[in-house]
1. Between Phe18 and Lys507, what is the label-point separation in nm under the 7 Å Cα-to-beta-carbon projection?
2. Let me know the charge dipole size of the chain about its Cα centre in debye, to the nearest 20, where only the beta-carbon of Lys, Arg (+1) and Asp, Glu (-1) is charged.
3. Determine the order of His224, His680, His113 by accessible area, beginning with the largest, at a probe radius of 1.4 Å.
4. Can you tell me the length gained on complete extension of the stretch Asp127 to Asp337, counting 0.36 nm per residue apart and subtracting the Cα distance?
5. Give the carbon-plus-sulfur fraction of the accessible surface of the chain in %, rounded to a whole number; probe 1.4 Å, heavy atoms of protein chains only.
6. Just to verify a number: what accessible area does Arg358 come out at with the full protein assembly present, 1.4 Å probe, Å² rounded to tens?
7. How many Å² of accessible area per residue for the chain, probe 1.4 Å?
8. Checking the a/c ratio against 1.5 first, then a/b against b/c, what shape does the Cα gyration tensor give for segment 200-406?
Amino acid sequence: MMRQVRTGGGWPAVRYTFSKAREAGGLWKLWKAMRSKNACKTCALGMGGQQGGMANERGVFPEVCKKSLQAMVADMQGAVKPEFFKTYSIPQLQMFSPRELETSGRLTLPVIHRQGENYYQPISWEDAFARIIAKLAPADAATKPNIIDRAVTAAPAASPNETFWYFSGRSSNEAGFLLQVFARVFGTNNVNNCSFYCHQASGVGLGSVLGTGTATLVLEDLEHADLVFIIGGNPASNHPRLMSTLKHLRRRGGHVVVINPIVETGLVNFSVPSDPISLMFGTKIASLYVQPHIGGDLALLTGIAKRIVEMQAHDEQYLTKYCDHWPQLKAQLASLDWAEIYQKSGVNADAIQAIATRYAAAENVVFTWTMGITHHTYGVENVEAIANLALLRGMVGRPHAGLLPIRGHSNVQGIGSMGVTPQLKEALFERLESYFGLQLPTTAGLDTLACMEAADRKELKFGFCLGGNLYGSNPDATFASQALGKLDLLVYLNTTLNTGHAHGLAKETLILPVLARDEEPQSTTQESMFNYVRLSDGGPARHVGPKSEIEIIATIASGVLGNQGPIDWSLMQNTNRIREAIAKVVPGFEQIKDVGETKKEFQLAGRTFHTPHFPTKTGKAQLRVHSLPELVGGPHELRLMTIRSEGQFNTVVYEDNDLYRGIEGRNVILLHPEDLDRFHLQPGQKTTIRSQTGEMTNIIATSFEKIRPGNAAMYYPECNILVPRSADPRSRTPAFKLVLVTIEPTKVPDMTKSPALVRLR
Ligand SMILES: Nc1nc2c(c(=O)[nH]1)N[C@H]1C(S)=C(S)[C@@H](COP(=O)(O)OP(=O)(O)OC[C@H]3O[C@@H](n4cnc5c(=O)[nH]c(N)nc54)[C@H](O)[C@@H]3O)O[C@H]1N2
Ligand SMILES: Nc1nc2c(c(=O)[nH]1)N[C@H]1C(S)=C(S)[C@@H](COP(=O)(O)OP(=O)(O)OC[C@H]3O[C@@H](n4cnc5c(=O)[nH]c(N)nc54)[C@H](O)[C@@H]3O)O[C@H]1N2
Ligand SMILES: [Mo]
């Protein structure tokens, strides 16, 4: 068992910096890389850019986190060895752990794998492009210039709606915009991003209540708040820079309320490495820590709202003047039975009273939330309930208060803004058509999960992944592998190897190596979760071989559509040219046009709400009424959440230990001691975990008293074998945080039945 740390951040984070520096070839080299003018590569809090790395958007320096060091050092690693793909067969790669794949090195050469073969083979860039273009070439290909002979591949070309285009949130606005426009001009709306597995419920929920899908405030507002709610997230580990904001808030006398079934060490106490006093003594973060059951938030949030109204702490005038449906919500809150609220949330009257008292006493309140809220079949309702609660006291539409979904990937919000969704917003659609003089398809596009299901039904032939790990991020890993296996051609644009390259194999799979953000030959932009657009200068390539994402996309587009149509794709390799189009097409982005020259980063217009007027049909916020979901889980079951450890970034694992939770290894299930007793298990015992979707054996039962009894946790992505495909109907986000499982000791295999032994007899 690892020693349990009592604080997040702190000396381990400092020591880690030095050890990472050694891996990167010295402290100076790492320092230079970290200080370069490029937006940070990890979460969407928004650091770096023209302020220089390690500074936030208000220029405050130094802001450094372990995650950004890990991501930087990963990009600084050596190339995958030339003999690598000859040495390791596909079955061997499938045995690699996510960490072993990531640390195999940077991808520098395109490689191809064909079903039935045992190894990836190198392929030239020319051949790789030719195969992709041939697969997409329209029927009249032969008559168009620039179009490669169809005979290159045996299988027939894919028609537009037989293709899909998946984007991760690491790519730039420019690459995202270019690829989505290409996919539409090619003829499909099967365009989607990792957000469908992440914050889509926040966009849909905020849209339904406020008519806008992003944060209602800016970083400066957060710095004046006197109460911050942290609901369903572990920012100490996943958004460490938020911790210095929370430290300042506590020093000002403000408060933090945490709602989470796990008591996360770093949310109780955090030692901010850049602050000597905090580093020595630690900073208390949570003023109040409440542990609902997994999935109990909707009942809890509704209960807090009910209590606030009972206490007359709501703002009747604001609700009447600036909100619709207040009478309905008020009636529903009054009619709800307290016993139902306590039972469905797992939170008792005292705790609800304590939260309501804190809320009622605060003046400037910010509500933040993460995946514990969105990863449910009622993720959108969860978000709406948070918005309701904020509106009850008029916390939206004025300075120093508001709603703040804490985003995942560094540019996931920008990718969304660029129109990487199946259905384009009306204004974007119209402007795109008129700017380029085009007609765009109007068919309903498929979201991420729908693409996987269509692939499984053999309705799709071609997939294109701009970064990310579509296989690894999917629920039901067995299904995901099978579905991708039915595609004719799957193209991955990646910097390093991941589990998708081993398990997500189509009939033909191409991996194309790309440059990281700080190696781009031209500047690119990213959007933070505060709606702030950053400029990244790019920098020298670290390896010979990888190409820029933009060059790859423009080359394919030129090859498939030619350059004589409404868009000369060959000119679209220039990021200034792409930004000109973005400025004209995407509302709010007008200033992006000259950002390459002026280097002036900017706040997006029309996103921040400092007055209570909202872009809904009536101009008022739309309060929503919800029925409360049942608390699921019978006496022989556990509610399982699938979460990140301290040592990973999504499907990329940097370290096998989870420092703050004190857990060694990843092949574990975290259980409260009461649940170990309930299932007659010893700590350390090997168990079999079953869900309706899959089963995992030899999982080590680990005693973890910080989790609410009745609930359990395992690490994603390995446990995605267990996660069913049940998704929220409104956001299409799978319920990654609520999987019903059973647990029992793994039976020692009966060797007498093994065929080998039979033969020996
Ligand atoms: N270091 C690091 N940083 C990251 C990432 C990473 O993998 N590593 N990933 C990035 C991305 S893409 C994202 S989306 C974010 C993810 O950031 P988070 O959402 O913070 O990450 P998770 O580990 O998915 O989430 C888990 C938290 O939700 C709690 N939780 C689980 N179920 C429930 C529930 O039903 N109710 C409540 N109230 N809480 C619940 C868990 O106890 C845990 O503390 O982080 C980003 N930043
Ligand atoms: N069970 C379970 N499943 C989940 C979640 C969960 O909490 N539980 N979380 C979900 C969430 S929130 C998300 S966001 C998804 C993650 O979804 P994805 O974004 O699809 O996955 P990542 O693991 O972040 O992608 C990692 C890969 O990105 C590549 N990469 C890194 N930088 C670049 C770059 O600059 N350009 C390009 N082209 N590639 C780059 C690297 O090759 C790396 O292997 O997973 C989802 N799945
Ligand atoms: Mo995410």
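1. Each label point lies 7 Å from its Cα, and together they span 5.7 nm.
2. About 940 debye.
3. On the way: His224 80, His680 155, His113 10 Å².
Ranked list, largest accessible area first: His680, His224, His113.
4. Contour length minus Cα-Cα distance gives 69.0 nm.
5. C and S atoms contribute 54 percent here.
6. Looks like 80 Å² after rounding.
7. 37
8. prolate
The values are calculated or read from the model by the stated rules, or taken from the named source; none is laboratory data. In this text, all values refer to a predicted model and were calculated from it rather than measured experimentally. Note that each Cβ is placed from the backbone with ideal geometry, even for glycine, and that neighbours are counted across all protein chains shown. Keep in mind that these areas ignore ligands, DNA and RNA; they rest on the heavy atoms of the full protein, side chains included. Shrake-Rupley method; radii C 1.70, N 1.55, O 1.52, S 1.80 Å.
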